[in-house]
1. For Ala88, only one of the following conditions fails: (1) surrounded by fewer than 13 Cβ atoms within 10 Å (Cβ to Cβ); (2) touching a strand residue (DSSP E or B) at 6+ places or on another chain (Cβ under 8 Å). What is its number?
2. Under the condition of being more than 8 Å from the ligand (Cβ to nearest atom) and surrounded by 11 or more Cβ atoms within 10 Å (Cβ to Cβ), which residue from the stretch 65-83 is nearest to Ala43 (Cα to Cα)?
3. Can you find even one residue in the stretch 50-64 that is under 17 Å from Ile117 (Cβ atoms) and either among the acidic types (Asp, Glu) or within 11 Å of the ligand (Cβ to nearest atom) (or both)?
4. Would you say Thr26 is at pLDDT below 95, loosely packed, with under 12 Cβ neighbours inside 10 Å and at negative phi?
5. Can you report the number of residues in the stretch 1-19 which are more than 11 Å from the ligand (Cβ to nearest atom) and part of a loop (DSSP other than H, G, I, E, B)?
6. Let me spell it out: the conditions are (1) charged (D, E, K, R); (2) loosely packed, with under 10 Cβ neighbours inside 10 Å; (3) under 15 Å from Val12 (Cα atoms), and Arg46 meets all of them except one. Which number is the exception?
Amino acid sequence: MIEETLRVQAPVANLPLRYAVEDIETMGVTIKKGDAILAAYAAAGRNPALHGEDADRFDVTRMNKEHLAFGHGVHFCLGAPLARMEAAIALPALFERFPDLKPAVPASGLLPVESFISNGHRSLPAHLSGGTQPTG
Ligand code: HEM
């Protein structure tokens, strides 16, 4: 579940402030030395060439959940094992403590963080217990 979430909703969506230090030829495109590069980590997780035509569908049963949510190469996230461990401990604890946890607003009512770097919601209202399941 954690890997599929990172694949479909990468928390660091895009990373700017990268510049080519030399000419780069890739897939028929030339990125000239000095050109600005935006690393679109979120897009990589939804690449149909890798994940098929339903790449943008959240599916915990898919075999290949490969993603770049923690980056790639020498700057690969140092905290990735910690982040994975925190999620694997905190989420089961949360659901065990609040088995009736429900969203308090429909998904369509959630407001995104105003950033093209961070992918998230400004708030995630929830009923810890009781409440009714919103629709939409
Ligand atoms: C779900 C949680 C997290 C996500 C999605 C995430 C994502 C990323 C990404 C995409 C990068 C690469 C940035 C780049 O290309 O330059 C990165 C780097 C980094 N992350 Fe994370 N991160 C997470 C949690 C953490 C945590 C918990 C820590 C520390 C406790 C951490 C520490 C770092 C550090 C130090 C770097 C820089 C590594 C370098 O430049 O060599 N991250 N992270």
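The values are calculated or read from the model by the stated rules, or taken from the named source; none is laboratory data. Being a predicted model, the structure only gives us computed values, none of them experimental. Quick reminder, even Gly has a Cβ in these numbers, built from the backbone with ideal geometry, and neighbours come from all protein chains shown.
1. Unmet condition: (2).
2. My answer is His67.
3. Taking every residue of the stretch 50-64 in turn, none turns out to be under 17 Å from Ile117 (Cβ atoms) and either among the acidic types (Asp, Glu) or within 11 Å of the ligand (Cβ to nearest atom) (or both).
4. It is true that Thr26 is at pLDDT below 95, loosely packed, with under 12 Cβ neighbours inside 10 Å and at negative phi.
5. Residues flagged as more than 11 Å from the ligand (Cβ to nearest atom) and part of a loop (DSSP other than H, G, I, E, B) within the stretch 1-19 amount to 1.
6. Here Arg46 meets the rest and fails (2).
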